[in-house]
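Let me begin by presenting the structure, written as structure tokens, before commenting on it.
Just so you know, all these numbers are worked out from the coordinates, no wet-lab data involved. Keep in mind it's a predicted model, so treat the numbers as computed, not measured. Here Cβ is always computed from backbone atoms with ideal geometry, including for glycine, and neighbour counts include all displayed protein chains.
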Amino acid sequence: MDTLEIVADYEGDGVPTVFIAVAGRSNGLGPVLSGNTTYPVINAPPLDADWAAQDIWSSLRTPSGLGCSTVLGADEAALAAAKIMSTVDYMVFGRLLVKQLDSVSSVSNADKAICYQ
């Protein structure tokens, strides 16, 4: 089964889905997926190779009509996918909200610790 057949299987199952495309070299996987699905596609190109600065352009400059996002790093890709999924899953929404409130609280506490030393 090739990649586009797998995408077609997901397309027909009716389950909310977000694709995260991680591919080296030209990073063309995300735009190809985006052109073959109506589901969101997030590019997360690996940036450790010598050519990474040049390779990322195929994720950033895509042909018209290919709406895919690009983030740098697996954590950011997972967070972006979770935020998309939170629009249809209240459990994901709740976990994201708790994570966000924890972050706000941590920053506030760190700020107080610095200001009142």
Self-check item: Given charges at Cβ of Lys, Arg, Asp, Glu: the chain dipole, positive-most of Ile114, Ala82, Val98
Solution: Ile114
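For every helix of n ≥ 4 consecutive DSSP H residues, a contribution of -39,500 (n - 2.57) applies; sum these over the chain, divide by its total residues, and give [θ] at 222 nm rounded to the nearest 500 deg cm²/dmol. Don't skip to the answer; put the middle values down first.
Numbers: 6 runs with 61 residues, N = 117.
Computed mean residue ellipticity for the chain: -15500 deg cm²/dmol.
So, counting K/R as plus one and D/E as minus one, what does the shell of residues with Cβ under 12 Å around Val15 add up to?
Numbers: positive: none; negative: Asp9, Glu11, Asp13, Asp89.
Charge balance near Val15 sits at -4.
With only Lys, Arg, Asp and Glu charged, each at its Cβ (+1 for the first two, -1 for the last two), find how big the charge dipole of the chain is about the Cα centre; round to the nearest 20 debye. Write down the numbers at each step before the final one.
Numbers: 6 positive and 13 negative charges, 93 e Å.
It works out to roughly 440 debye.
What is the calculated FRET efficiency for Ser64 to Val15, with r their C-beta to C-beta distance and R₀ = 30 Å, to the nearest 0.05? Could you put the intermediate results ahead of the total?
On the way: r = 29 Å, r/R0 = 0.95.
Result of the calculation: an efficiency of 0.55.
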Practice problem: DSSP loop (so not H, G, I, E, B), at most 15 other Cβ within 10 Å: list which chymotrypsin sites (Phe, Trp or Tyr not before Pro) in segment 1-97 pass both filters. | Solution: Trp51
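For the chain, what are the DSSP H helices with axial Cα length of 30 Å or more and mean Kyte-Doolittle hydropathy of at least -1.0?
Working: long enough: 90-115 (37 Å, 0.47).
Helices meeting the criterion: 90-115.
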Practice problem: Loop only per DSSP, at most 11 neighbouring Cβ atoms within 10 Å: give me the trypsin sites (Lys or Arg not before Pro) in segment 28-117, ordered by residue number. | Solution: Arg61
Exercise. With the convex hull built on the Cα atoms of the chain, state its orientation-averaged projected area in nm².
Key: 10.2
Self-check item: Top of Ser106, Ser26, Ser69 by mean-square fluctuation, Gaussian network on the chain, Cα under 10 Å
Solution: Ser106
